[in-house]
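Rule-based calculations on the coordinates, nothing more; no lab input. The model shown is predicted, which means the values in this text are computed figures rather than measured ones. Note that we place each Cβ from the backbone using ideal geometry, even for glycine, and neighbour counts take in every protein chain shown.
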Number of protein chains: 2
Amino acid sequence: MDLTGLRLAVLAPIAWPAPPPGYGPWEQIAFNIASGMRRRGLDVTLFATGNSAFEGKLASVVPVGVNEDPALNGDVYGALHIGELFRRAGEFDLIHNNFDWKPMTYALATSAPPLLTTIHGFSSPQILAAYYACARRSFFCSISDADRDPGLQYLATTYNGIDPSEFAFSDAPGEYLVFLGRFHPEKGTHLAIEIAKRAGVRLKIAAIPQDEAYFREQVAPHIDGDRVQFLGEVRREAREELLRGALALVHMTTRPERFGLTMIEAMACGTPVLVAAMGSVPEIVVDGVTGFVCATVDDAVAKVPHLAALDRRACRARVEAEFSVERMIDRYLEAYAAALAQRTPPPPTAEQLHWRKHDWWDRPMAYTDIPEKPHSLHFE
Amino acid sequence: MDLTGLRLAVLAPIAWPAPPPGYGPWEQIAFNIASGMRRRGLDVTLFATGNSAFEGKLASVVPVGVNEDPALNGDVYGALHIGELFRRAGEFDLIHNNFDWKPMTYALATSAPPLLTTIHGFSSPQILAAYYACARRSFFCSISDADRDPGLQYLATTYNGIDPSEFAFSDAPGEYLVFLGRFHPEKGTHLAIEIAKRAGVRLKIAAIPQDEAYFREQVAPHIDGDRVQFLGEVRREAREELLRGALALVHMTTRPERFGLTMIEAMACGTPVLVAAMGSVPEIVVDGVTGFVCATVDDAVAKVPHLAALDRRACRARVEAEFSVERMIDRYLEAYAAALAQRTPPPPTAEQLHWRKHDWWDRPMAYTDIPEKPHSLHFE
């Protein structure tokens, strides 16, 4: 199906501009999608913050990211942002939602064109109720095979993609490990520290605050400015340099990673990754080639001496082949064509309905930090 | 305008069923509106929780109140609840929204019939952004003249109304003061305690938790089971008995009351009120007749000995004349007729636009607990 000229609305989140100056993976991917589709000849309108730098049509109701200005209420501006897209829904042939579940509830109420939602994450078990309720109104894409919910039907897995040309390659292995992301137990900063210390290599940490108690108790005491260095949040160029100069990215999450954008950013620079064997990891990292997929902390410590021997060109090549923006765009174009052909998502299968009766807490999955199941007056 | 047969959708919040078994003023009023309009011959559909007890048409997507079941995510079910109403919007001639600002953002995106929003409260200064953005898409009613935002145009003030027949009258003044509501500094439980202690009368407190630290530090230490009694949350019948048997309701809020449903419930039983001179109070309480409007705590202490001499029949009569459901329905019918005649709310006046440029923090109002103004990157 030739989609040239297709009137596409891409809805980005508004926590940060698109692209974000620092942290902001959902905004980054929404921007990559909008830019990539524009290059392929689609008529793209990106709904994002007013300070976004998009060369195509930009539609904004909020001037800056709600995380950039504490006077802005994220709920209010999120709803106005979504409402504005659906007010204009008749101008588009397809809406690509990268703003979680809320936009689907607006689609329920309107005669908007086909809607495709990339499920960038399930923030809590309860959120599944929204996806189930809207499953006949939105098509879904997952960002890895591992991240699929068995109660939902997916059009495709559309791995996130980055522009390799934005990441300079280096063939020389660095001498430090690097941790990038947010301070949250599920991101495993504490494990990165343990591995670096036991393996006797320096660790550089660049992350944004999230779980303050975790940072105070499990991260801060180890920071000494030498063996364990804390760089704060690093912005685009510094981030790339930090990744490129590393021996490896340590990414020992304690919860299955949905995709792992940082892993492909590191690999794009030629830097291998030392990762926990969970979630999307086996889909992204070729064990022993672009990094080491580790079952335990002991395993990771044992692998550190072998990191320098990995071929950094293989890391780069893997990103170029599978995780570039252009590859992501190819995958989304196929998904768009399927959505446009079907128009309406199919009814759930018996097996999907079976899974929907269970809630997330009962799932046979490797999640380790699912909150305690609340007592329910109503559900079984 | 004869509105018999008008197809009216009334949107209730879903924290609790409508009517609520205990606390739940917004749900109670939404229920009173739906029931009252049905009695007047309108074709009413109430959107509320599935365990609501409405004799007319009930539409539900959530089985119980989200505050009744911790497994339910209020955001998710709120959005599905609102989305369902707007999905069915074409079936109605008018939508009466009692669910704050979010439904207006769905109305922006649809060709729904005229929408009337009762502003039951502004939960924070930032929320005004939503009202301003949606002011051409929804008509507004205030629940007191005092609670109007100068940046908005209102169709009417529609005081809340209760059914006096649900509150048995007693002519005999009781011997204790009563505090009803939530534990939050703005509700002034600590002032009620001070007044009762200084005046030498017993205080009975029936309230639900909200601000835990406030309760722990400023309320709990005074509870002795005798002079200061804590009854927990009291449900419908016990609540009415508690109000009826009291010398007065103490309602010394530290923030202007928007309406004050508890005041009229007390007055309906014949119980006068001892209230802070703020917000809606002068519109509701006739000073020296249905209670005392007090400028200070000292003032309130001095008034306690005079409470028993007030004519309890005057309290009841005031509610019957001004704050009954039927009186509220009369007011809303006028507002409905105005909304249906205008169809679209008028553009803002220059003065309203002037006010909208200010934010709430700059307002010359008596608010005493407005949070500190956040630093803004963007707004002045």
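Taking a ≥ b ≥ c as the square roots of the Cα gyration tensor eigenvalues, the protein assembly as shown comes out prolate, since a/c reaches at least 1.5 and a/b is larger than b/c.
Going 7 Å from the Cα of residue A:57 toward and past its Cβ, which residues in the range A:92-121 have a backbone nitrogen under 15 Å from where you end up? Backbone N within reach: A:92-96, A:113. Modelled this way, with points 7 Å down the Cα-to-C-beta line, the labels at residue A:314 and residue B:212 are 5.1 nm from one another.
With all projection directions averaged, the alpha carbon convex hull of the range B:252-297 covers 2.8 nm². Taken over the alpha carbons of the range B:170-275 as equal point scatterers, the Debye sum produces base-10 log I(q)/I(0) values at 0.12, 0.24 Å⁻¹ of -0.34, -1.47. Using R0 = 45 Å, the C-beta based FRET efficiency linking residue A:136 and residue B:298 works out to 0.10.
Compute the distribution of all C-alpha to C-alpha distances in the range B:95-220, in bins of 5 Å from 0, and list the percent of pairs in each, rounded to whole numbers. Taking all Cα pairs of the range B:95-220, the binned fractions are 2, 9, 14, 14, 12, 13, 13, 10, 7, 4, 1, 0 percent. Here the scattering of the range A:134-181 is modelled by Debye summation over its C-alpha atoms, one equal scatterer each and no solvent; at q = 0.14, 0.32 Å⁻¹ the log10 of I(q)/I(0) is -0.62, -1.18. If you run the Gaussian network model on chain B, springs between alpha carbon atoms under 10 Å, then out of B:225, B:36, B:78 the most flexible one is B:225. DSSP bridge analysis restricted to chain A gives an antiparallel fraction near 0%, rounded to the nearest 5. The simple spin-label model puts a point 7 Å past each Cα toward its Cβ; for residue B:39 and residue B:344 those points are separated by 3.8 nm.
Quick check on the range B:17-117: take the gyration tensor over C-alpha atoms, sort the square-rooted eigenvalues as a ≥ b ≥ c, and tell me if it's rounded (a/c under 1.5), prolate or oblate. Judged from the Cα gyration tensor, the range B:17-117 comes out oblate (a/c at least 1.5, b/c at or above a/b). Straight-line reach from residue A:197: taking Cα to Cα under 27 Å and skipping same-chain neighbours fewer than 8 places apart, the lysines in range are A:187, A:303. For the protein assembly as shown, the antiparallel share of DSSP beta bridges with both residues in that region comes to about 0%. Computed over the Cα atoms of the range B:209-341, pair by distinct pair, the Kirkwood hydrodynamic radius stands at 16.4 angstrom.
Taking all C-alpha pairs of chain B, those more than 28 Å from each other amount to 47 percent.
I need the Kirkwood Rh of the range B:71-125: take the reciprocal of the average 1/r across all distinct C-alpha pairs and report it in angstrom.
That comes to 11.9 Å for the range B:71-125.
Under the criterion of Cα pairs below 8 Å and six or more residues apart, the relative contact order for chain A equals 16 percent. Extending 7 Å from Cα along the Cβ direction at residue A:236 and again at residue B:286 yields two label points whose distance is 6.9 nm.
Computed over the range B:272-348, the P(r) curve from all C-alpha pair distances, binned at 5 Å from the origin, holds 3, 14, 18, 16, 13, 10, 9, 8, 5, 4, 1 percent per bin.
Over the residues of chain A, the helix contribution to mean residue ellipticity at 222 nm works out to -9000 deg cm²/dmol, using -39500 (n - 2.57) for each DSSP H run of at least 4. Computed over chain A with a Gaussian network model linking Cα atoms closer than 10 Å, the most mobile of A:316, A:258, A:239 is A:239. Against the empirical curve 2.2 N^0.38 Å, the C-alpha radius of gyration of the range A:227-282 lands at a ratio of 1.15. The ellipsoid that matches the Cα gyration tensor of the range B:162-201 has semi-axes, each √(5λ) in whole angstrom, of 24, 17, 5, with the longest given first.
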